[in-house]
1. Could the peptides 291-298, 232-239, 302-309, 204-211 be put in order, highest first, of the mean number of other beta-carbon atoms found within 10 Å of their residues?
2. 7 Å from Cα along Cα→Cβ at both residue 65 and residue 265: what's the point-to-point distance in nm?
3. Do me a favour and compute the ellipsoid semi-axes for the stretch 1-71 from its Cα gyration tensor, root of five times each eigenvalue, largest one first, whole Å.
4. So how tilted is helix 99-109 from the main axis of the chain? Cα-based, degrees 0 to 90, rounded to 10.
5. For residue 127 and residue 322, compute 0.36 nm times the residue count separating them, minus their Cα-Cα distance, and round to one decimal in nm.
6. Tilt of helix 145-155 relative to the longest C-alpha principal axis of the chain, in degrees (0 to 90, nearest 10)?
7. Hey, how many Å between the Cα centroid of the stretch 1-78 and the Cα centroid of the stretch 161-219?
8. Ranked highest first by average number of other Cβ atoms within 10 Å, how do 244-250, 256-262, 43-49 line up?
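A short reminder: the numbers here are calculations on the coordinates, not readings from a lab. Everything quoted here is computed from the prediction, not taken from an experiment. Glycine also receives a Cβ, built like all others from the backbone with ideal geometry; neighbour counts cover every protein chain displayed.
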C-alpha cells in the first residue's frame, strides 16, 4: 500500500477544517497521514487542530507562534512530508471519495510520472456537493514536458488546481518547494518545474472539490496583478530551464497571445462595469505583451464602445445585441 502525506495549511479557516480533514481521513486504499499546519490563525483552529490530532493517530498538528505566510507554510509542509506521494490541500477544499487511491494507483503504474492531476469541482459553502462515485481506479494519459508546456502556454496558466494534484515526493524533494518571490503564481512555476524533470499524468476523474468564496486569494488580487504574476512565473521557468529545449521562443509567443487575450477580455468586462481606468490599464498591458491584438475585430469594437462611453453604450447595448442576434440568424439560414 503506497503512503500519502496530505498537507493542510490553515489560516482563519478553523470553521472549515474539520470538514476538510474528514474528507481526507475517509480515503481508502493508501497508508495515510494528515499534516495540519496552523499559520497562527486568530480563530478556533488551535482547539480544532488539537482535537483532530487527538481523535485519530493519522493526524498531526503544528502551530506557528507568529504568522509566516502561505509560501513559508507550504514549504514547511513539504519538508515535513516523507511519504511516497504528497498532496497540498487548503483547509477550505475537500477531496472526492477514493481520490488518493486513484491517484496513487496511477502513479504506481507509471513510475516515470512525477506529477498527476485530475479534474476539480467548484462549489460554494452551503451548496450540496455533486456526488462522485467512490471508484478506486481511473484511466489517464501521460504528457511529455513539451506537450504540457504548450498546453499551459496556450492557457496562460496551468490547467491544474492544487487540491486535485498529487506529486511523487522523491521528485518534489529534488526540485524544491515554492518560490517566495511568486506569492500569487507559485503553483504555476512549481508545476512547470516538476514537468521539466518528469512527465505529467492527467487523471480521468474528479479528484477534489474547490471552494469558491470571497476569502480566496484569487479574488483578493487585482486581475492585472494576476496576469503579471503569471507572466513572472513563466519568465522564471524559461530563464531557469534555458537548456531544457532548443528554443523557447514559440512557447513565449503562445503565452503572449494567451495573456494578451485574457487582458483584453478582462478590460472589456471592466468597461461594461463602468471601470474605465482598469479597462485602459488592461488594454495597455495587452498591447505591450501582444502588439498584434489590435488587429482583431474585437479590439475595434471595444475601441468604438470606449469612444461613446459606458453610459451611452449601456443604452445602446440592447440594440447591438439584437442586431448581432439577427446577423447570426441570417448567417445560419444562408449557410444551410
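1. Answer by packing, highest mean first, reads 204-211, 232-239, 302-309, 291-298.
2. 4.9 nm
3. After scaling each eigenvalue by five and taking roots: 22, 12, 10 Å.
4. Between helix and principal axis, roughly 80 degrees.
5. Value of the extension gain: 66.7 nm.
6. 50 degrees
7. For the stretch 1-78 versus the stretch 161-219, the Cα centre distance is 18 Å.
8. Listed from highest to lowest mean packing, they are 256-262, 43-49, 244-250.
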